[in-house]
Amino acid sequence: MFDDGRRWGDLAGQHPSDPAHVAQSVLASIRGAEAGQIPARLCALSTELLSVTGASISLMAQGAVWRLLCSSDDAARQLAEVQYTLGDGPCPHAFSIGAPVFAADLSKSQDARRWPVFALRALEVGAKAVFSFPLGIGAISAGTLDLYRDSPGPLSEAELGAALLIADAVTLCVLRLCAGRGETEYAEGDAELGWLSGQVDHDEVHQATGMVMIQCDVGAQEALLMLRARAFASEMTLTALAHEVVNRRMQFGGADEA
């Protein structure tokens, strides 16, 4: 979901040196917005307040269930999709440890060595630095706010503070939207979550995982790993491969595995 509706006027573009200005910008950006519009508004605000090129917000549960709520541009969407396909990168790592994860230079240094495959894919879409912030309160983990930049370099101390404040605002919004329902209960046409229309429906990944479990007589985690490995080897996204499996154009196990 892309949102070009920027209604915070002169607040955007200010250097995030004063937390009060950042908080005021957050409030101005979401004022008058419906709950479903807020994530996209905050994505856009991130690119205005911080020295980043793009942003995305994803929902996760136990590192497996994934929903892309919004992205500021196509590159941000591709970065989220790549990490979901690989099961690796700053986003899943930040979610798993419940702390921000920064890759300030994916073209070299330890960041490139830490996630070599993701780093290569990120560079291909024009991202040279990625910063991931977990969304959660206490033991509750909901997903991540992910920022990218088309040039290397860390966030400044002021920008880090601003990003954390924005992540807190996103967390409150996401938890409000998810209140009273499980992570796997999203349905197309749901009145409260209609803003997800146009996003990739990842329910097919879960269906494909179940089919691979039956075809290969393996557990859920191994089945998902097999899907990710096949997607990587075939140079496909995980969602595209899952679509093929669900529609029985691709199978696992036996002669079809060769």
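Restricting attention to region 169-202, the residues being modelled with pLDDT of 55 or more and surrounded by fewer than 17 Cβ atoms within 10 Å (Cβ to Cβ) number 4. Within region 120-160, the set of residues being crowded, with 16+ Cβ neighbours inside 10 Å and in a helix (DSSP H, G or I) comprises ARG121, ALA122, ALA158, GLU159, LEU160.
Count of region 80-119 residues, restricted to those that are more than 16 Å from GLY143 (Cβ to Cβ), surrounded by fewer than 18 Cβ atoms within 10 Å (Cβ to Cβ) and of a type in the set (S, T, N, Q), is 3.
When you check GLU222 against the structure, is it touching a strand residue (DSSP E or B) at 6+ places or on another chain (Cβ under 7 Å) and modelled with pLDDT under 85, yes or no? Working first, answer last.
Details: touching a strand residue (DSSP E or B) at 6+ places or on another chain (Cβ under 7 Å): no; modelled with pLDDT under 85: yes.
For GLU222, the condition - touching a strand residue (DSSP E or B) at 6+ places or on another chain (Cβ under 7 Å) and modelled with pLDDT under 85 - is not met.
Taken together, ALA127, ALA104 contain a single residue that is closer than 19 Å to ALA76 by Cβ and at pLDDT 95 or above, which is ALA127. Checking each residue in region 100-119 for being touching a residue at least 40 places away in the same chain (Cβ under 8 Å) and part of a helix (DSSP H, G or I) picks out only VAL117. Scanning region 215-256 for residues that are part of a helix (DSSP H, G or I), farther than 19 Å from ARG67 by Cα and basic (Lys, Arg) turns up just one, ARG230.
When restricted to residues that are assigned to a loop (DSSP other than H, G, I, E, B) and either free of Cβ contacts under 8 Å to residues at least 24 places away in the same chain or closer than 21 Å to PRO152 by Cβ (or both), region 40-84 contains 7.
Selection of region 209-242 for residues being closer than 13 Å to THR85 by Cβ and not hydrophobic (A, V, I, L, M, F, W, C) yields ARG228, ARG230, SER234, GLU235, THR237, THR239.
The values are calculated or read from the model by the stated rules, or taken from the named source; none is laboratory data. Only a predicted model underlies this, so the values are computations on that prediction, with no experimental measurement involved. So basically every Cβ, Gly included, is an ideal-geometry build from the backbone, and we count neighbours across all protein chains shown.
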